[in-house]
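Each reported figure results from applying straightforward, stated rules to the coordinates on display, with no laboratory input. Because the structure is a prediction, the values reported are computed rather than measured. Cβ sites come from the backbone with ideal geometry, for glycine too, and all protein chains shown count toward neighbours.
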């Protein structure tokens, strides 16, 4: 992944389809681009490729754009490891989102997710993610969402998110559940204060609505007050 290329969302529509990936939930396309002689690969998820809605609170095609909103919040905070994703279209009249595509990956398994083991690696990375999955209301974070790539561990598929509540007793985030009840690091509380003061809602306009944004700020207030992972 050429970080600058993806981070600035400079992908034009000149890519070519090289593979069609068909799953039970969606159809996605692998797109290749020539960036000054370097081949870049992206995973394009068109709106029309969504086959079912995971939850009525996130109807089609909202999950695509909530994935973008999740990335934009994390990008603002400088929380690395969330794969960049942004709106894109393959051809006029077609809409969807695109992110980097890694041809060679390893998936994390359930047994990799022990707190002691994760804290022995990049501790702050995992605690940031636990906090992000809470304040951005993720309701379905599983081991398959973590890809071990040549660019390090990358988090993908955050579209089932921005749910309208303070607690998530019936939803799962394998990371949020792991750290629930722990004290939040001072550096993360500082990040949340910066988010509250400086984040421009226009950055996610059209991706999530006022209700979803309201609950983000309510969860931020709760974390800043209780200073523990929820």
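Before moving on, here are some points about what is shown:
- Qualifying residues in region 113-137 (those that are under 18 Å from residue 195 (Cα atoms) and assigned to a loop (DSSP other than H, G, I, E, B)) - the one farthest from the chain's Cα centre (by Cα): 137
- Set 146, 136: member being within 24 Å of residue 100 (Cβ to Cβ) and touching a helix residue (DSSP H, G or I) at 6+ places or on another chain (Cβ under 6 Å): 136
- Residues (within 16 Å of residue 80 (Cα to Cα) and surrounded by fewer than 19 Cβ atoms within 10 Å (Cβ to Cβ)) located in region 111-136: 121, 122, 123, 124, 125
- Count of region 86-132 residues, restricted to those that are touching a residue at least 60 places away in the same chain (Cβ under 8 Å), farther than 18 Å from residue 21 by Cα and in contact with a strand residue (DSSP E or B) (Cβ under 6 Å, 6 or more places away or on another chain), is 0.
- Where residue 48 falls short, out of the listed (1) at positive phi; (2) part of a helix (DSSP H, G or I): (1)
Residue by residue, here is whether (1) touching a helix residue (DSSP H, G or I) at 6+ places or on another chain (Cβ under 7 Å); (2) closer than 25 Å to residue 57 by Cα holds:
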| residue | (1), (2) |
| --- | --- |
| 163 | no, yes |
| 175 | yes, yes |
| 187 | no, no |
| 203 | yes, yes |
| 213 | yes, yes |
| 220 | yes, yes |
| 226 | no, no |
| 230 | yes, yes |
